Amino acid sequence: MDREHQEKPPPVGGPTEPETAERAGHHSATVATPGAQRRVLVVEDDPTIVEAIAARLRAEGFLVQTAADGPAAVETASAWHPDLLILDVMLPGFDGLEVCRRVQAQRPVPVLMLTARDDETDMLVGLGVGADDYMTKPFSMRELVARSHVLLRRIERAAVAATTPRPGSVRLGDLEIDRTQRRVRAAGKDIHLTPTEFDLLMCLARSPRAVLTREQLLAEVWDWADASGTRTVDSHVKALRRKIGAERIRTVHGVGYALETPPGFAGEAGPRGQAAAEG
């Protein structure tokens with residue numbers, strides 16, 4: 001791991017008593033905070049970073065456990081059932097990508113990946129194995145907390161949406177989006193999308209051919225208003241293109257993206273198309 005790019009995030013609310021450093025292969029006991037509802041598993045092998053993240057999240061009211069290597073992370077996730085996984089890419093045992101694969105195979109959980117390298121290929125690989133978002137080191141603790149809240153709110157909204165009656169599938173040419181089951185078919189083939197990719201596609205599908213700015217997508221999909229996160233949008237769009245076909249999403253340089261549809265496709269009704277007609 002590239003230690004030069006790591007930072008020690010400042011403590012919240014002034015000086016605090018240092019917490020016990022984690023040992024490799026072990027995780028901390030859960031610290032119960034009154035009224036806390038959400039569980040976060042932080043997987044990071046640097047004691048300074050993991051202590052700072054855990055302290056900040058506990059101060060925000062989360063229940064937190066930590067793990068310092070790949071096997072311990074998978075074991076803890078299986079036993080504790082976290083609501084969110086904050087996961088470093090470079091870990092002893094096996095890396096964060098393998099952790100993400102194994103945890104997602106057991107039980108879907110939102111994943112925020114941390115990487116010391118600002119490498120787009122690594123980011124796309126992370127998104128491909130089921131991560132929902134990523135941050136590069138050094139990172140702002142305020143932004144990490146904000147993104148954690150965003151991922152959890154999206155899960156809550158998805159749970160509500162799953163129990164809310166909605167119209168049937170949205171069809172844009174040979175692209176079919178089943179909003180109830182959150183399933184996608186393109187050219188007759190089932191396409192597996194992560195929760196974030198599905199939300200991004202649905203956002204674009206509400207206004208087919210209309211250009212949505214990166215800031216609009218960031219606000220609607222991630223509920224995040226800081227323009228510094230627009231690279232997250234770009235990487236998720238690239239990952240989505242790899243799955244549904246690059247030609248389906250048009251880039252408007254310097255502006256944003258639009259979902260392309262065949263000219264005059266059946267059911268199109270005005271500039272918002274059939275997606276608008278269906279809600």
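The values are calculated or read from the model by the stated rules, or taken from the named source; none is laboratory data. Values in this document were obtained by computation on a predicted structure and should not be read as measured data. With ideal geometry, Cβ positions are generated from the backbone for all residues, glycine too; neighbour counts draw on all protein chains shown. Protein only, heavy atoms only, side chains kept; ligands, DNA and RNA dropped before computing areas. Shrake-Rupley method; radii C 1.70, N 1.55, O 1.52, S 1.80 Å.
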Quick check: anything in region 261-278 at pLDDT 90 or above and either over 14 Å from the mean Cα position of the chain (by Cα) or not acidic (Asp, Glu) (or both)? no
Step by step: first the residues of region 159-178, then only those that are modelled with pLDDT under 90 and open to solvent by less than 30 Å² (accessible area, probe 1.4 Å), then the one that is farthest from Val43 (Cα to Cα). Which residue is that? Leu172
Please find, among Pro9, Pro92, Pro15, the residue that is open to solvent by 30 Å² or more (accessible area, probe 1.4 Å) and modelled with pLDDT under 95. Pro15
Can you tell me which condition Val145 does not meet? The list is (1) at pLDDT below 80; (2) under 22 Å from Gln37 (Cβ atoms), and all the others hold. (1)
Which residue out of Val109, Val99 is touching a residue at least 24 places away in the same chain (Cβ under 8 Å), under 16 Å from Ala77 (Cβ atoms) and more than 14 Å from the chain's Cα centre (by Cα)? Val99
